[in-house]
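Reading through the structure tokens given below for one structure.
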Amino acid sequence: MCGIVGVLGDHEAAPILVEALKRLEYRGYDSAGIATVNAGKLDRRRAVGKLVNLSDQLVHEPLAGKAGIGHTRWATHGAPTVTNAHPHRSGAVAVVHNGIIENYREIRAELAQHNISFETETDTETVALLTHHYLSTGMSPVEAAFAALDRLEGAFALAFLFDGEDDLIVAARKGSPLAVGHGDGEMFVGSDAIALAPLTDRITYLEEGDRAVVTRAGVEIRDEKGRLANRPIKTVSIDNTRVDKAGHKHFMAKEIAEQPKVIGDALAHYLTPENDIHFPEETIDFAKVDRIVMVACGTAYYACLVAKYWFEQIARIPVEVDIASEFRYREPPIPARTLALFVSQSGETADTLAALRYCRDKADTILSVINVPESSIARESDIALPILAGVEVGVASTKAFTCQITVLFLLALKAGELRGHLSSDRRADHVSALRAIPSIISLALDQNEAIRKASVRLSESRDVLFLGRGLMYPLALEGALKLKEISYIHAEAYASGELKHGPIALIDKHMPVVVMAPRDTLFDKTVSNMQEVMARKGKVILVSDDAGIEEAGDDVWTSIRMPSVPPLLTPILYAIPAQLLAYHTAVAKGTDVDQPRNLAKSVTVE
Ligand code: G6P
């Protein structure tokens with residue numbers, strides 16, 4: 001979603017801002033803009049669509065000045081037009097914003113009484129108008145920005161730039177992430193460390209409610225009560241901010257290919273050489289946990305559905321899995337001895353964060369499984385377990401999913417052991433099988449060409465059905481989500497056993513059905529469902545192992561061959577064909593794989 005940058009520099013700001021915005025492209029956006037102060041004068045440029053349009057405009061109408069703010073907008077209030085693009089300006093102030101100002105109608109009505117009129121359909125414009133209004137009463141820029149901030153309800157990361165002030169950015173955060181970067185005689189503001197990566201590796205993360213007055217000399221931060229706050233400067237590792245395609249055509253292809261390595265990294269982090277599972281903070285006594293509530297959104301939600309099978313089968317703990325946007329408003333009871341577990345790649349998903357806050361003071365422990373250790377969800381958890389997937393840029397999550405389920409599997413093993421349901425011998429067997437997973441995934445990646453061929457056929461379809469049973473059911477859901485996200489083909493997934501309760505009515509010769517079915521104890525049942533599809537001329541793409549493909553016979557439309565792994569580990573492996581099918585189908589259709597239309601990587605608004 002919206003990305004923010006700001007610079008008080010030593011060089012021309014416009015190119016720096018555009019470069020920083022490029023590094024925020026992965027969040028998803030539909031227009032962009034920058035504002036600078038040059039010789040005391042505030043000015044701005046904005047363009048709809050990709051950043052190249054803004055760059056083109058800057059060639060024809062350059063923007064000088066060494067102080068500036070920039071923004072990539074993912075439209076919420078108002079269509080993606082130039083008028084609605086940020087920065088929003090009113091008089092002597094320009095503002096960029098990520099989040100939603102919930103009381104903007106009320107503020108608009110109030111400003112209208114002062115004959116202040118509006119140009120845009122956005123909630124953000126009210127922040128600029130309100131600040132301008134306070135400036136016109138004689139307040140200083142910082143006072144006016146703070147007075148406006150006092151009035152805002154909702155979620156925001158904001159940066160303000162002022163006419164006549166080329167050494168000042170006011171920044172504030174409530175609900176949406178914002179970081180301040182420290183250079184040598186230069187200062188920066190950004191939605192995340194990735195935006196600021198080549199500019200500085202010294203980052204201060206603002207806390208909830210913080211307001212920062214940034215000048216080239218440094219930053220003064222006040223907390224939500226207005227007290228001076230001393231926030232640490234952290235040195236961020238370059239590896240954690242590296243964003244390049246490493247020779248791949250798309251970030252998604254690179255991230256799919258990286259999975260053997262990053263899963264290996266996660267295993268190395270959590271496993272000792274003796275195959276013990278070591279969590280850095282051994283504070284969860286699973287023997288005292290009666291129930292786990294898992295909450296997440298999107299792909300992370302499907303990771304939770306996989307983990308439910310593991311926690312229940314291996315550790316015999318009842319698990320409920322919920323979509324964060326449903327959970328947060330349902331006011332579900334959280335009985336004693338409940339572990340609340342949140343899974344999120346970004347650690348900033350607004351609904352997941354709100355669900356976590358709901359559980360605070362109710363659940364015994366708040367545990368999160370996250371990819372960004374400095375994220376809000378990580379910081380607000382009692383324990384945050386990193387998945388070590390590295391920066392994930394493709395909007396469709398791939399390596400984060402397999403790393404999430406790898407860490408969740410280790411957690412389930414640990415829980416099984418601590419609860420006395422898993423002997424150390426069995427645990428050791430599972431761990432050695434897990435250690436082999438990175439090289440088995442490499443074998444699965446060797447099926448790339450076969451999957452590409454199947455995808456070319458799939459790309460001609462209008463609808464695709466995914467079926468899976470047991471641990472393959474969440475994988476079917478994930479496969480359908482991936483496909484619809486990036487190829488725009490309508491895809492849905494059903495538990496195989498539900499086929500006869502509805503979706504079978506859709507089956508005809510035009511309907512491909514992807515059946516995810518390793519040769520396990522449930523295989524025969526799934527084969528029966530497959531026969532039911534084929535009897536109605538449905539075209540089956542079977543994803544299975546040697547034994548499964550042999551047993552299924554020759555009538556399937558096409559089959560994708562996976563190596564054999566122990567049944568409990570199949571979700572990690574079968575994620576690969578699910579991802580590759582979606583990837584190659586999207587490539588065959590020529591869609592924007594890394595930044596599919598309308599989607600955002602990090603959903604920081606409800
Ligand atoms: C968006 C992304 C998905 C992601 C979901 C949850 O929809 O496009 O890839 O799975 O948000 O995000 P999170 O960062 O909480 O895992």
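The values are calculated or read from the model by the stated rules, or taken from the named source; none is laboratory data. Just so you know, these numbers come straight off a predicted model, no measurement behind them. FYI the Cβ positions are ideal-geometry reconstructions off the backbone, even for glycines, and counts take in every protein chain you see.
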Subject >> Which numbered condition Thr72 fails, given (1) assigned to a strand (DSSP E or B); (2) more than 16 Å from the ligand (Cβ to nearest atom); (3) not hydrophobic (A, V, I, L, M, F, W, C) >> reply: (2)
Original post:
In the list Lys601, Lys589, Lys537, which residue meets the criterion of being under 17 Å from Ser461 (Cβ atoms), in contact (Cβ under 8 Å) with a residue 40 or more places away in the chain and basic (Lys, Arg)?
Top reply: Lys589
**OP:** Please find, within segment 279-315, the residue that is farthest from the chain's Cα centre (by Cα) out of those that are over 16 Å from Cys359 (Cβ atoms) and at pLDDT below 90.
**Re:** Asp285
Subject >> Residue, nearest to Thr526 (Cα to Cα), within segment 556-606, restricted to residues that are away from the ligand (no atom under 16 Å from the Cβ), polar (S, T, N, Q) and in contact with a strand residue (DSSP E or B) (Cβ under 8 Å, 6 or more places away or on another chain) >> reply: Ser559
Subject >> Filter result (over 19 Å from Thr398 (Cα atoms) and of a type in the set (S, T, N, Q)) within segment 327-351 >> reply: Thr338
Subject >> Of all residues making up segment 293-310, the number that are within 13 Å of the ligand (Cβ to nearest atom), of a type in the set (Gly, Ala, Ser) and under 19 Å from Thr338 (Cβ atoms) >> reply: 1
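Kindly indicate which of Ala505, Ala454, Ala480 is of a type in the set (A, V, I, L, M) and modelled with pLDDT of 95 or more. I'd like the intermediate steps shown before the answer.
Working: Ala505 fails: modelled with pLDDT of 95 or more; Ala454 fails: modelled with pLDDT of 95 or more.
One residue alone meets the criteria, Ala480.
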**OP:** May I ask you to say which residue of Ala476, Ala517, Ala495, Ala480 is of a type outside the set (Lys, Arg), within 15 Å of the ligand (Cβ to nearest atom), crowded, with 17+ Cβ neighbours inside 10 Å and under 16 Å from Val540 (Cα atoms)?
**Re:** Ala480
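Among the residues of segment 12-22, are any more than 29 Å from the chain's Cα centre (by Cα), outside any helix (DSSP H, G or I) and at pLDDT 95 or above? If you could, list the steps in order and put the result at the bottom.
Keep residues of segment 12-22 that are more than 29 Å from the chain's Cα centre (by Cα), which gives 12.
Now restrict to residues that are outside any helix (DSSP H, G or I): 12.
Now drop any that are not at pLDDT 95 or above, which leaves 12.
Yes, segment 12-22 has at least one match.
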Original post:
Which residue pairs have Cβ atoms closer than 8 Å, lie 6 or more positions apart in sequence or on different chains, and pair a first residue in segment 197-216 that is within 13 Å of Leu168 (Cβ to Cβ) with a second residue that is acidic (Asp, Glu) and not in a loop (DSSP other than H, G, I, E, B)?
Top reply: Ala212/Glu220; Val213/Glu220; Thr215/Asp167; Arg216/Asp167
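Given the condition within 11 Å of the ligand (Cβ to nearest atom) and not in a helix (DSSP H, G or I), answer yes or no: does some residue in segment 327-337 qualify? Reasoning before the result, please.
Going through segment 327-337, the residues within 11 Å of the ligand (Cβ to nearest atom) turn out to be none.
No; the residues of segment 327-337 include none that is within 11 Å of the ligand (Cβ to nearest atom) and not in a helix (DSSP H, G or I).
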**OP:** Test Leu413 against the criterion of being modelled with pLDDT of 95 or more and in contact with a Lys or Arg (Cβ under 7 Å, 6 or more places away or on another chain), and give yes or no.
**Re:** yes
Original post:
So is Lys539 out of contact with any Phe, Trp or Tyr (no Cβ under 6 Å at 6 or more places or on another chain) and more than 16 Å from the ligand (Cβ to nearest atom) or not?
Top reply: no
**OP:** Check every one of the helices (runs of 4 or more DSSP H) wholly within segment 119-213 and list those with 2 or more residues that are modelled with pLDDT under 95.
**Re:** 193-196
Original post:
Which of the residues spanning segment 379-435 are aromatic (Phe, Trp, Tyr) and within 16 Å of the ligand (Cβ to nearest atom)?
Top reply: Phe401
